[in-house]
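Before any comments, here is the structure.
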Amino acid sequence: MAPSTALPVKDMIAVRAIVARVRAPGRQRPLLLTGKNARAAAEAIAAALGDSLHRVDLASIVSKYIGETEKNLKRVFDAAAQSRLLLFDEADALFGARSTVKDSHDRHANAETDYLLQCAETYRGLAILVSRSQRRLPTAVRERLSILPFPRR
């Protein structure tokens, strides 16, 4: 079954609105899709645009070594320069790490999230981040993303 037919009607309405926004001229804000249907929604967006998703598993990009996550992200964005849609799967691998700065490890975790958002904002295509979690993100992160829950309520 195609991803677009697997989604409920409310979700497909939201997908069509996203597609219309992507087709409009101008730079797109990175998109965070949350919930159990988030990945299917991303696939439906790609199908509606007639594009394929350049898929990145963020869990495999995140490193415990300081600076390595940023290097891995740079390689991903460089490799995806010709792609129109970039999908970051398991985005909570980075967003889960963002916290109040208590020590140098917290500062670096926050820097990784900031670097991902900076790259996503300057990416010439549409960066889609997918997270099954629908927990509330810090204001600094929310302000830089268009966030949509799937399934829609």
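The values are calculated or read from the model by the stated rules, or taken from the named source; none is laboratory data. Note that the structure is a prediction, hence the values are computed from the model and not measured. Positions of Cβ are generated from backbone atoms using ideal geometry, with glycine treated the same way; all protein chains shown enter the neighbour counts.
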For Thr100, state whether it is of a type in the set (Val, Ile, Thr), assigned to a loop (DSSP other than H, G, I, E, B) and modelled with pLDDT under 90.
yes
Contacts under 6 angstrom Cβ, first residue in the range 113-140 being at negative phi and free of Cβ contacts under 8 Å to residues at least 40 places away in the same chain, partner buried (at least 22 other Cβ atoms within 10 Å of the Cβ) and not in a strand (DSSP E or B), 6 or more apart:
Thr113/Leu94
Residue in the range 39-62 that is touching a Ser or Thr at 6+ places or on another chain (Cβ under 7 Å) and modelled with pLDDT under 90 present:
yes
